[in-house]
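Encoded as structure tokens, here's the structure I'll be asking about.
The values are calculated or read from the model by the stated rules, or taken from the named source; none is laboratory data. Here the structure is a predicted model, which means the values were calculated and not measured. Positions of Cβ are backbone-derived with ideal geometry, glycine not excepted, and every protein chain shown enters the neighbour counts.
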Amino acid sequence: MIVTESWYLIVSALLFAIGATGLLVRRNPLVMFMCVELMLNAVNISFVAFSTALQDLAGQTAVFFVLVVAAAEVVVGLSIVVAVMRRRPSATVDDLAELKG
Amino acid sequence: MSGTFVTLVAAEIERPSIDWHAIAPELILLGGGALVTVIDLIWLERVRKLIPTLTSLVFLVALIPVITLWADGSGLPRGLWIIDENVPATGVWEGAFVVDNYSLVLKGLFLLSAYVIVLLSTNYMSEGDYYDSEYYQLIAASVLGMLVMSSSRDLISIFVALELVSIPAYLMAAWRKRDLKSNEAGLKYMLMGVFASAILLYGMSLLYGIAGSTLLSDIAAAIDIGESRPVITLGIVFTIIGFGFKVSAVPFHTWAPDTYEGAPTPLTAFLAVASKAAGFVALINVVIVALPTQANVVEPFIWVLAAITMTVGNLIALRQTNLVRMLAYSGVAQAGYMLAPLAVYDGISDRATSAVVTYLVIYAAMNLGAFAVVIIAARKTRSAELSSYGGMFNYAPGLTLAMTIFLFSLAGIPPVGGWWAKFEVFRVLTEGNRTSGIALAVIAAVNSVIAAFYYLNIAKQMWFLPSPDGDNSRIAIPPALLAAVGLTVAATIVSGVLPGVVSDMTDFVNVAAGQ
Amino acid sequence: MGVQQNVAQIPVDLGSAQPRAVAFAPVSDFLREYIVVGLFGALAFGLVAAFIGLASIFRPDRPTADKVENYESGVDPVGSGWSQSQIRYYIFALLFVMFDVEAVFIFPWAARLEDLGVFGLVEMVIFIFILALGLAYAWRKGVLRWV
């Protein structure tokens with residue numbers, strides 16, 4: 001059996017769907033955050049798979065940038081989550097309902 | 001299969017000379033921002049009062065090369081490299097960074113709005129118990145992202161620029177650390193923002209897979225006219241949804257009102273004007289440069305987005321009792337008008353672009369002005385509730401007049417700026433007598449009437465109703481806020497009475513694709 | 001396999017789900033594509049429903065007091081699972097993540113240093129200077145102090 005690039009693309013699509021599902025279903029900000037990481041890594045797989053198929057480096061360069069930007073997002077996101085958790089331990093996203101209308 | 005990689009890597013690197021003039025605005029902003037950080041680090045508390053002044057100075061200095069590039073228009077569009085026959089341009093990033101009329105107008109817009117935002121922030125930040133020097137450095141970082149965005153013609157640089165705009169904004173939305181509302185604003189904005197980025201990236205990876213290049217012009221060349229494949233559509237839909245979050249288009253707008261209310265008010269102005277404009281710039285770059293042949297896919301999708309964005313935004317705005325939330329929903333509705341020209345861009349992409357840019361410029365002036373008045377009024381009333389604006393005419397007639405000008409402009413009533421922005425949009429929509437365009441124009445017209453209700457209701461509160469607590473003592477307006485109101489009033493009036501001033505700039509606007 | 005060939009091939013692989021049947025003939029191209037996008041969305045929702053639905057069908061649901069307790073290495077847990085913990089390490093971990101990941105840009109540069117020459121060196125010095133500025137910021141504002 002030959003594993004072609006489309007297999008990787010299917011894995012990437014599945015990972016992306018799982019991540020998106022998790023983000024919409026789970027209510028803990030930290031878990032939601034992990035789901036976003038899952039989605040971003042799905043994108044990375046997809047970029048690399050295309051890059052190999054197309055024999056083109058730009059896709060792998062894109063992965064570098066996605067990695068770095070994801071790290072920056074994690075740092076900023078976690079510090080915001082900690083700022084919230086300090087004031088409200090065990091907060092879920094549903095508890096955060098000061099603002100609505 | 002990996003043979004090509006080896007040859008690619010082993011190729012001689014020939015570096016053409018860099019066009020320093022073209023990237024001077026970004027370099028000045030980067031260097032200036034780093035300098036402000038160094039100054040802050042060396043002297044800490046002793047220079048705390050100086051930081052806002054220094055930052056606004058950096059914005060104004062960065063404006064100088066924008067103006068000289070505009071005046072020296074003969075060389076446009078320019079790239080990152082100086083193209084010389086003797087030195088072949090072989091960089092991977094060739095054509096990814098383009099300086100043209102379009103990007104220069106937007107850079108000017110971003111730098112001036114950032115300047116006004118600093119004016120709005122100075123008193124708010126120094127009087128509250130917040131970290132303030134970091135705030136200005138983060139604004140500078142975010143504005144740097146906007147400048148890069150307006151020149152980006154490549155998926156990767158658009159993504160990096162968009163994140164450079166957004167990540168500092170997540171932090172600043174949660175700036176009032178001890179206020180639960182601000183925490184919530186930051187968390188919601190951040191979660192929705194990274195979700196949108198992930199969706200956007202997935203769309204981009206599909207576009208890259210189809211075209212074999214991240215360069216927008218290559219993508220346009222790789223997708224043939226009339227060619228339609230589900231993957232292309234999927235890539236386009238994901239990409240536009242990602243941008244839809246950033247410009248707060250319905251149904252991806254849910255973060256906007258909460259974030260706007262919870263964030264510090266000057267930052268709300270920043271999000272509502274500059275950050276939203278950056279999202280639109282990214283959308284225009286991708287749609288106009290990369291997808292000119294895919295109008296049959298893009299147009300209906302944006303049409304639906306525009307129609308529901310303006311309708312839902314206006315209907316919810318009608319019910320709001322908090323002025324900041326009302327401005328947030330009105331901003332959602334305005335985003336609908338700005339999306340409208342992109343729903344009929346086929347064949348008239350230049351006209352559609354210049355209509356959106358005109359709208360962005362005028363919207364920036366009037367919305368920043370409205371937020372300036374909200375910030376000034378909150379210094380007295382400590383509230384953004386609509387009822388607290390009662391009787392404002394009695395104690396602040398000048399401010400009431402200014403706010404009325406902004407509200408008339410937002411509602412699109414001549415002769416102040418907003419009508420010209422709307423007029424341009426309607427002109428593009430009705431051009432070519434396409435049914436879809438005219439239908440959207442009708443929806444937009446109905447919405448303008450609905451919007452006039454709530455805008456004029458605010459004016460009614462200020463002019464005719466008594467103040468709720470009977471306190472008619474005057475408001476002391478700090479000079480920075482006064483300057484901000486003065487600048488935005490002038491810009492709003494001039495753009496309406498002499499629309500030529502704006503259209504002289506925006507008529508030249510066409511998005512150069514790069515080589 | 002040449003580049004050109006691949007460009008054509010990949011989308012075909014992906015697009016095999018495209019309905020080519022004659023039954024779709026009266027539907028315009030545009031609509032057909034959006035049908036596929038809709039199918040993709042339906043698939044995504046179906047996937048979610050399958051994950052959650054199948055799990056709830058197949059798993060036995062007989063909760064007892066012992067079962068719903070958090071598993072804590074076999075020891076009976078005490079107190080809430082969301083206890084406050086010291087976050088001393090946390091800031092260092094965040095800073096580490098930030099600086100660690102920048103190595104992604106430094107490695108390719110180092111591998112090609114000779115070809116990139118002085119210009120590349122100056123560029124990397126600027127890059128590292130801006131990073132170092134972040135570290136200097138953390139140090140000067142007292143973030144690195146052990147609390």
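Considering only helices (runs of 4 or more DSSP H) fully contained in the stretch B:356-474, which possess at least 2 residues that are free of Cβ contacts under 8 Å to residues at least 24 places away in the same chain?
Correct list: B:397-411, B:418-430, B:435-464.
Which is in contact with a Gly (Cβ under 8 Å, 6 or more places away or on another chain) and away from chain A (no Cβ under 13 Å), of C:Leu121, C:Leu133, C:Leu113?
C:Leu113
For residues in the stretch B:224-249 being surrounded by fewer than 24 Cβ atoms within 10 Å (Cβ to Cβ) and not in a helix (DSSP H, G or I), which is modelled with the highest pLDDT?
The qualifying residue modelled with the highest pLDDT is B:Arg229.
Next question. Please find, among B:Ala185, B:Ala196, the residue that is touching a Lys or Arg at 6+ places or on another chain (Cβ under 8 Å) and either within 21 Å of A:Val81 (Cβ to Cβ) or charged (D, E, K, R) (or both).
B:Ala196
Then there's this: As an exercise: evaluate B:Val160 against (1) surrounded by 22 or more Cβ atoms within 10 Å (Cβ to Cβ); (2) under 30 Å from B:Ile39 (Cβ atoms); (3) of a type outside the set (Lys, Arg) and give the number of the one condition it does not meet.
(1)
One line per residue, one yes/no per condition, for (1) of a type in the set (S, T, N, Q); (2) within 19 Å of the chain's Cα centre (by Cα); (3) away from every other protein chain (no Cβ under 14 Å):
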residue: B:Ser121; (1), (2), (3): yes, yes, yes
residue: B:Asp132; (1), (2), (3): no, no, no
residue: B:Ile139; (1), (2), (3): no, yes, yes
residue: B:Val160; (1), (2), (3): no, yes, no
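With respect to B:Gly432, determine if the residue is of a type outside the set (Phe, Trp, Tyr) and buried (at least 16 other Cβ atoms within 10 Å of the Cβ).
So B:Gly432 does not fit the description; no.
When the residues of the stretch B:389-415 are narrowed to those that are under 14 Å from B:Trp463 (Cα atoms) and polar (S, T, N, Q), which ends up modelled with the lowest pLDDT?
That would be B:Asn394.
Go through the stretch B:195-244 residue by residue and tally those that are within 13 Å of chain A (Cβ to nearest Cβ) and under 15 Å from B:Ile302 (Cα atoms).
6
Just one of the numbered conditions (1) closer than 20 Å to B:Leu120 by Cβ; (2) assigned to a helix (DSSP H, G or I); (3) modelled with pLDDT under 90 is not true of B:Trp175; which one?
Result: B:Trp175 fails condition (2) only.
Turning to a different aspect of this structure: Could you tell me which of the residues B:Tyr337, B:Tyr329 is farther than 15 Å from B:Gly437 by Cα and crowded, with 24+ Cβ neighbours inside 10 Å?
B:Tyr329
So which of C:Val143, C:Val97, C:Val104 is outside any helix (DSSP H, G or I), within 13 Å of chain A (Cβ to nearest Cβ) and touching a helix residue (DSSP H, G or I) at 6+ places or on another chain (Cβ under 8 Å)?
Just one listed residue meets the conditions, C:Val143.
Please enumerate the residues belonging to the stretch B:36-46 that are more than 10 Å from every other protein chain (Cβ to nearest Cβ), free of Cβ contacts under 8 Å to residues at least 60 places away in the same chain and of a type outside the set (Phe, Trp, Tyr).
B:Ile39, B:Glu45, B:Arg46
Which members of the stretch B:290-326 meet the condition of being in contact with a strand residue (DSSP E or B) (Cβ under 8 Å, 6 or more places away or on another chain) and part of a helix (DSSP H, G or I)?
Once the filter is applied, which keeps residues that are in contact with a strand residue (DSSP E or B) (Cβ under 8 Å, 6 or more places away or on another chain) and part of a helix (DSSP H, G or I), the stretch B:290-326 yields only B:Leu323.
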